[in-house]
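Undergrad: Here it is: the structure, laid out below.
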Amino acid sequence: MAVLVSFDQVTKRFGDFTAVDGLSLDIHEREFFALLGPSGCGKTTLLRMLAGFEAPDGGRVTLAGQDLAGIPPYRRPVNMMFQSYALFPHMTVAGNVAFGLKQDGLARDEIAARVDEMLGLVQLRPLAARKPDQLSGGQRQRVALARSLAKRPKVLLLDEPLAALDRKLREETRFELKELQRRLATTFVIVTHDQDEAMSIADRIGVMNRGCLAQVGTPAEIYERPASRWVAGFVGDVNLIEGRVTAVYPSFVMVDRVGMRLRVAHAPVAPGPIAVALRPEKIRVSHAVPDGAFENGAAGTVADIGYLGTLSLYKVRLDDGLVLKAAVMNEQRAERPIHVNERVWLSWTPDAAVLLME
Amino acid sequence: MKRFGCTNLTALALGLAFLYLPIAVLVVNSFNDSRLVTVWAGASLRWYRELANDAAMLDAASVSFRVAFLSATAATILGTLAALALTRGGRFRGRLLFSGMIYAPLVMPEVITGLSLLLLFVAVEIDRGFWTIVIAHTTLTLCFVAVVVQSRLVTFDRSLEEAALDLGCPPLRTFLAVTLPLIWPAVASGWMLAFALSLDDLVIASFVSGPGATTLPLRIYSEVRLGVKPEINAVCTILIAVVALGLIAASLLTKRSASKAPLGARM
Ligand SMILES: Nc1ncnc2c1ncn2[C@@H]1O[C@H](COP(=O)(O)OP(=O)(O)OP(=O)(O)O)[C@@H](O)[C@H]1O
Ligand SMILES: [Mg+2]
């Protein structure tokens, strides 16, 4: 896929605080890209540099090969949907959607046709004559979306578009957004600090931390193969087991830790200290001693059980004090129920764990 | 709702009387058929009729209203620009000095403003008259407009302007299409405040007016020095009505503009 947006060593400082630090990122054509990161990590700042509201202090931002430096926001073929929606309160819904089209000097009937098309797209035709303060939060969000799509931008930027909606509406809207993006074949860049949202909506995710990209990849890559301890901990729940690599074989390595030996399928690494990341849902819980219990297995006492509907989360304290979390689907629970303070065995396969150097 | 106690009620009545009794006496007397303030000879519009035939007084009224209109308009434009510079200019060099200089005339004694303007006009050899009053009133009222407009602008949601820019609207058009329609109640109330202030002013006008340009307050003042004519009461009543209407409209507009501000900005 062709690169559409490119950040090249981009830096942005506010006073002596560096909000974005030498960040490089390519976003492809027709891609749904999510910027995910904790509050204050610079996601909005990055988006605003693409929209033209902030100028980078270093590096280049290019769009379809064109350097955007010095191009004001009103001349960039990029539109933004604001987190607060920023609807013009003195204009009707139709007036809001038409605003950008009027700036292009389109003919009257052409504007009317496009406004109607956009309102149809977000199912707001009946409300075209309302003012923004006569709409619900979800309806306002749709107006903002229609307004930012009306000019058919090359890239649509969405800054936490769903943050103001309640949970149920947010989940429904996610799929609508994804569907819309596929239908319009436009590049969407969404900013979010909700990992479920990023995972379910995006083709690729850029995980940001303190103004840098910690990892870029598909949702599955980021979840299954986190690049660092920080990413593993930020995206989803994880058990981190610190140990030492003691033996390296072509297709797996051995990691030793007091009372435990782990066989981890991974590309070879140098011997030394390392962390093993293990997702809770990849751990099996059983009463019986699993096969080959001396590797990738450990015994412990159940410290706590959390019932989460479809799953149950077991917190198991191993004999060396380490607490591991294991998530088990409720219909796959062991024949005999497991209780708190019971002795259980945990086990997992060699390819369930990931080695983390950083 | 809290009930007023007896003492509170008395205090309130005394306070209001202190403020408004003189004005009430004046207004009532403007309808008094008698020439003497002390004698009530029945209600009549006699003095208003006489006023209508007083060419000098009508001329002064016309000067006053034209001065007020022109100076309020000029002050509104300049004051709005000053407020924009203060809220939008970011941290430009000399911002503090600039804001201080905008607000200083608010507390400057009018005698000083009037005298310094007079010295300026004499120094640059402008003939004193209609236009010097307009200029003087513009400088007097500009800062009031700036204060009113600035207080609206600080609660203005800037992302609205950014959204307009983002949709391809250049900055000047953004100001006219988005910012101005949303802040206009504040701008209009600034204009009305300026209008009322200009209409009221005696001190500065007495310094900078010249032959052929006598404002209403100047005219009234000079007539009163020769003894209170009941006709003056009628003029003053009309003036009070105009100023009061202006101030009421201004405060209504300000209220409206505040209630129209986006929710987040109000909290
Ligand atoms: N105009 C500004 N002046 C000074 N500091 C700023 C400015 N804008 C952002 N910052 C700082 O830059 C950092 C990154 O801000 P940014 O808005 O990009 O964060 P974010 O990742 O979008 O966070 P959130 O998820 O909370 O929206 C923050 O620490 C913020 O305080
Ligand atoms: Mg943000």
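Undergrad: Take the stretch A:154-208 and flag every residue that is among the charged types (D, E, K, R) and either within 16 Å of ligand 2 (Cβ to nearest atom) or within 20 Å of A:LEU50 (Cα to Cα) (or both).
TA: Our first condition is that a residue be among the charged types (D, E, K, R); within the stretch A:154-208, this holds for A:154, A:159-160, A:166-168, A:170-172, A:174, A:176, A:178-179, A:182-183, A:194, A:196-197, A:203-204.
If the condition is that a residue be among the charged types (D, E, K, R) and either within 16 Å of ligand 2 (Cβ to nearest atom) or within 20 Å of A:LEU50 (Cα to Cα) (or both), then A:LYS154, A:ASP159, A:GLU160, A:ASP194, A:GLU197, A:ASP203, A:ARG204 are the ones that fit.
Undergrad: Filter the stretch A:1-24 down to the residues that are surrounded by fewer than 20 Cβ atoms within 10 Å (Cβ to Cβ) and within 16 Å of ligand 1 (Cβ to nearest atom) and list them by number.
TA: A:THR11, A:ARG13, A:PHE14, A:GLY15, A:ASP16, A:PHE17, A:THR18, A:ASP21, A:GLY22
Undergrad: Out of the stretch A:49-60, which residues are buried (at least 18 other Cβ atoms within 10 Å of the Cβ), within 14 Å of chain B (Cβ to nearest Cβ) and more than 16 Å from ligand 2 (Cβ to nearest atom)?
TA: Selection gives A:GLY52 alone.
Undergrad: Right, here's the next one. If only one of A:GLY105, A:GLY40, A:GLY120, A:GLY70 is in the same structural domain as A:GLY217 (by TED's automatic domain parsing), surrounded by fewer than 16 Cβ atoms within 10 Å (Cβ to Cβ) and within 13 Å of ligand 2 (Cβ to nearest atom), which one is it? Before the answer, list the steps.
TA: Details: A:GLY105 fails: within 13 Å of ligand 2 (Cβ to nearest atom); A:GLY120 fails: within 13 Å of ligand 2 (Cβ to nearest atom); A:GLY70 fails: within 13 Å of ligand 2 (Cβ to nearest atom).
Every option except A:GLY40 fails the conditions.
Undergrad: Can I ask one more? When the stretch B:224-250 is examined, which residues are found to be assigned to a helix (DSSP H, G or I), over 17 Å from B:LEU199 (Cβ atoms) and not hydrophobic (A, V, I, L, M, F, W, C)? Lay out the reasoning, then the answer.
TA: The initial filter retains those residues of the stretch B:224-250 that are assigned to a helix (DSSP H, G or I), namely B:224, B:230-250.
With the extra rule that they be over 17 Å from B:LEU199 (Cβ atoms), the set shrinks to B:224, B:230-231, B:233.
Passing the criteria: B:PRO230, B:GLU231, B:ASN233.
Undergrad: Let me ask you something else. Filter the stretch B:158-203 down to the residues that are within 9 Å of chain A (Cβ to nearest Cβ) and among the polar types (S, T, N, Q), then identify the one that is nearest to B:ALA74 (Cα to Cα).
TA: Looking at the filtered set, the residue picked out is B:THR174.
Undergrad: Among the listed residues B:THR155, B:THR132, identify the single one that is among the hydroxyl-bearing types (Ser, Thr, Tyr), within 14 Å of chain A (Cβ to nearest Cβ) and either under 30 Å from B:LEU245 (Cβ atoms) or in contact with a His (Cβ under 7 Å, 6 or more places away or on another chain) (or both). Give the derivation first.
TA: Values: B:THR132 fails: within 14 Å of chain A (Cβ to nearest Cβ).
One residue alone meets the criteria, B:THR155.
Undergrad: What number goes with the only condition from (1) closer than 22 Å to A:VAL3 by Cα; (2) more than 16 Å from ligand 1 (Cβ to nearest atom); (3) buried (at least 23 other Cβ atoms within 10 Å of the Cβ) that A:ALA150 does not pass?
TA: Checking A:ALA150 against (1) closer than 22 Å to A:VAL3 by Cα; (2) more than 16 Å from ligand 1 (Cβ to nearest atom); (3) buried (at least 23 other Cβ atoms within 10 Å of the Cβ), the one that fails is (1).
Undergrad: Let me ask you something else. Working only within the stretch A:36-93, note down all residues that are polar (S, T, N, Q), more than 12 Å from ligand 1 (Cβ to nearest atom) and either in a helix (DSSP H, G or I) or within 30 Å of B:PRO181 (Cβ to Cβ) (or both). Working first, answer last.
TA: Within the stretch A:36-93, the first condition is being polar (S, T, N, Q), and the residues that meet it are A:39, A:44-45, A:62, A:66, A:79, A:83-84, A:92.
Okay, now just the ones that are also more than 12 Å from ligand 1 (Cβ to nearest atom), so A:62, A:66, A:79, A:92.
A:ASN79, A:THR92 - these are the residues of the stretch A:36-93 that are polar (S, T, N, Q), more than 12 Å from ligand 1 (Cβ to nearest atom) and either in a helix (DSSP H, G or I) or within 30 Å of B:PRO181 (Cβ to Cβ) (or both).
Residues checked against (1) away from chain B (no Cβ under 14 Å); (2) within 16 Å of ligand 2 (Cβ to nearest atom); (3) at pLDDT below 90:
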residue	(1), (2), (3)
A:ARG13	yes, no, no
A:LEU47	no, yes, no
A:THR62	yes, no, no
A:PHE88	no, no, no
A:GLY100	no, no, no
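The values are calculated or read from the model by the stated rules, or taken from the named source; none is laboratory data. Only a predicted model underlies this, so the values are computations on that prediction, with no experimental measurement involved. Positions of Cβ are generated from backbone atoms using ideal geometry, with glycine treated the same way; all protein chains shown enter the neighbour counts.
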